[in-house]
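A.B. asks: Take a look at the following structure, please.
Every number here is computed from the coordinates shown, using simple stated rules; none is lab data. Predicted model only: the values in this text are computed from it and were never measured. Don't worry about glycine lacking a Cβ; one is built from the backbone with ideal geometry, like all the others, and counts go over all protein chains shown.
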Amino acid sequence: MEVNSVLIQKNIEKAKKGDQVAFTFLLDFFWNEVYGFMLKRTENETDTEDIVIETFAKAFDKIATYNPEYGFNTWLIAIAKNVHIDLLRKKKSSLFIEINDEDDRQAYNVADDSNSAEDELIIEQNLAQLLQYIKQLKPAYQEVIQMRYFQEMTYQEMAEQIDEPLSNIKIKLLRAKKLLAEIIIGK
């Protein structure tokens with residue numbers, strides 16, 4: 001067995017036990033391979049970054065189900081393909097809405113499509129609630145969530161601003177999203 005192969009298997013076993021250093025090793029080791037594969041498919045860096053982060057999040061959540069008879073990279077690529085398919089379905093369902101003649105007539109009769117006062121209040125309350133959830137995170141996690149989703153910074157821009165390696169930013173954002181999800185669903 002190759003040295004890398006032994007090292008990868010050891011880190012997979014550690015990751016199955018919740019070892020964060022092992023997760024980091026696996027993310028660093030396989031990131032470029034999964035990213036390169038998905039970039040060829042999507043031809044969009046932003047979508048690719050989101051898909052790869054989601055891939056590693058799902059992989060780390062389900063690492064106990066990984067079968068060592070198959071290559072870990074093969075397993076990650078399979079997850080990435082499924083995440084990509086899900087993304088395409090979401091985009092397709094939001095882009096293509098069948099409009100029949102009746103719908104078309106109704107659309108012309110709509111006087112104003114702007115949000116009502118009630119809609120604005122609901123949006124404002126949802127944002128306020130989300131901000132309360134974010135405040136429950138550690139400051140380092142709050143920072144990466146704020147930079148990525150409110151300032152819409154790229155991972156590279158975040159790494160430069162915080163002065164941390166790109167892989168640390170990716171892992172920190174991955175953890176922040178997972179913790180935020182747990183807070184929101186009340187775990």
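A.B. asks: Can you give the extra length, in nm with one decimal, that the chain gains between Glu45 and Asn168 once fully stretched, where that is 0.36 nm per residue apart less the Cα-Cα distance? Numbers along the way, then the final one.
C.D. replies: On the way: separation 123, 0.36 × 123 = 44.28 nm, distance 1.87 nm.
Extending this stretch completely gives an extra 42.4 nm.
A.B. asks: Next question. Listed highest first by mean packing, meaning other Cβ atoms within 10 Å per residue, what order do 46-56, 4-14 come in?
C.D. replies: Top of the packing list down: 46-56, 4-14.
A.B. asks: While we're looking at this one, here's another question. Rounded to the nearest 0.05, what FRET efficiency do Glu182 and Lys81 give with R0 = 25 Å and r taken as the Cβ-Cβ distance? Could you check?
C.D. replies: On the way: r = 27 Å, r/R0 = 1.06.
Here the calculated transfer efficiency is 0.40.
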